[in-house]
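Contents: one structure, followed by commentary.
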Amino acid sequence: MKNIVIFASGSGSNALNLTRHFKHSERARVVAVFTDNPQAGVIDKAKLEGLPVVVFTRAELNSPGKLDDELASFSPDLILLAGFLRLFPQRWVERYAGRILNIHPALLPAYGGKGMYGDYVHRAVLAAGEKEHGVTVHYVNAHFDEGEILLQRGFTLKGGESLDEVSEQIHRIEYDLYPEAAERWLDLHAL
Ligand code: GAR
């Protein structure tokens with residue numbers, strides 16, 4: 001059984017979706033949620049699912065110490081960033097190389113990078129009059145949104161969509177794509 005640890009900063013709907021997806025899986029399960037935001041909706045969602053939640057500060061994230069031990073104590077095989085808004089630290093990118101995925105609400109490499117998250121992405125896409133938008137799941141390296149792409153799914157924008165409509169459509173795609181990408185990672189790393 002492979003252990004999945006989720007990192008999230010916000011409402012945590014992807015975290016919940018992933019947790020439920022793996023609840024009855026025979027090859028992986030979500031074992032903990034880590035968050036940098038003590039107000040994040042993901043905390044209650046994870047607790048209701050019976051998961052341990054680790055809340056940490058920016059300083060703890062960015063310097064080796066107790067948090068490294070806490071993460072290691074869950075023996076993560078796979079780390080899934082689901083709306084995690086901080087840069088994943090270099091020491092963990094090295095320690096868990098090839099085992100960290102992120103979901104980004106755009107068709108990378110377009111609309112990625114620092115400050116490009118959530119509705120900021122959708123606003124920029126709509127303002128540019130793009131004809132296509134979508135979701136990317138990619139490996140994490142030490143730069144925002146730059147690792148190798150694992151899976152991507154787009155949809156056509158007809159024009160005139162509201163921000164809410166686009167955000168909902170993106171989330172619908174994410175709820176399919178992230179579990180699918182995690183399953184694909186598991187296929188690639190099956191013993
Ligand atoms: C998701 O749309 C995810 O793709 C995005 O944050 C949202 C979190 O929603 N991530 C980024 O923008 C990362 N750059 P959720 O808290 O409901 O899962």
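Bear in mind these aren't lab numbers, they're just calculated from the coordinates by the rules spelled out. Bear in mind that the values here come from a model prediction, so they are computed numbers and not experimental data. So basically every Cβ, Gly included, is an ideal-geometry build from the backbone, and we count neighbours across all protein chains shown.
Looking only at residues of segment 144-153 that are touching a residue at least 24 places away in the same chain (Cβ under 8 Å) and either touching a Pro at 6+ places or on another chain (Cβ under 7 Å) or part of a loop (DSSP other than H, G, I, E, B) (or both), we find that the one that is surrounded by the most Cβ atoms within 10 Å (Cβ to Cβ) is ASP145. In segment 124-132, the condition of being under 27 Å from ASP176 (Cβ atoms), within 16 Å of the ligand (Cβ to nearest atom) and either touching a residue at least 40 places away in the same chain (Cβ under 8 Å) or not in a helix (DSSP H, G or I) (or both) is met by at least one residue.
Any residue in segment 69-80 that is within 16 Å of the ligand (Cβ to nearest atom) and not β-branched (Val, Ile, Thr)? Explain how you work it out, then say what you get.
Filtering segment 69-80 down to residues within 16 Å of the ligand (Cβ to nearest atom) leaves 79-80.
Within this subset, residues satisfying the condition of being not β-branched (Val, Ile, Thr) are 80.
The answer is yes, given that some residue of segment 69-80 is within 16 Å of the ligand (Cβ to nearest atom) and not β-branched (Val, Ile, Thr).
One residue stands out in segment 33-84 among those that are out of contact with any strand residue (DSSP E or B) (no Cβ under 8 Å at 6 or more places or on another chain) and hydrophobic (A, V, I, L, M, F, W, C): the one that is farthest from LEU177 (Cα to Cα), namely ALA59.
The residues of segment 154-175 that are surrounded by 13 or more Cβ atoms within 10 Å (Cβ to Cβ) and either closer than 16 Å to MET116 by Cβ or under 15 Å from the mean Cα position of the chain (by Cα) (or both), listed by number, are VAL166, SER167, ILE170, HIS171, ILE173, GLU174, TYR175. The helices (runs of 4 or more DSSP H) found entirely in segment 33-86 that carry 2 or more residues being surrounded by 19 or more Cβ atoms within 10 Å (Cβ to Cβ), within 16 Å of the chain's Cα centre (by Cα) and of a type in the set (A, V, I, L, M) are 41-48.
Considering segment 87-107 alone, what residues qualify as being under 17 Å from GLN169 (Cα atoms) and either under 14 Å from the mean Cα position of the chain (by Cα) or surrounded by fewer than 18 Cβ atoms within 10 Å (Cβ to Cβ) (or both)? Break it down stepwise before answering.
Keep residues of segment 87-107 that are under 17 Å from GLN169 (Cα atoms), which gives 103-107.
ILE103, HIS104, PRO105, ALA106, listed by residue number.
One residue stands out among those in segment 1-32 that are near the ligand (Cβ under 8 Å from one of its atoms) and not in a helix (DSSP H, G or I): the one that is surrounded by the most Cβ atoms within 10 Å (Cβ to Cβ), which is ALA8.
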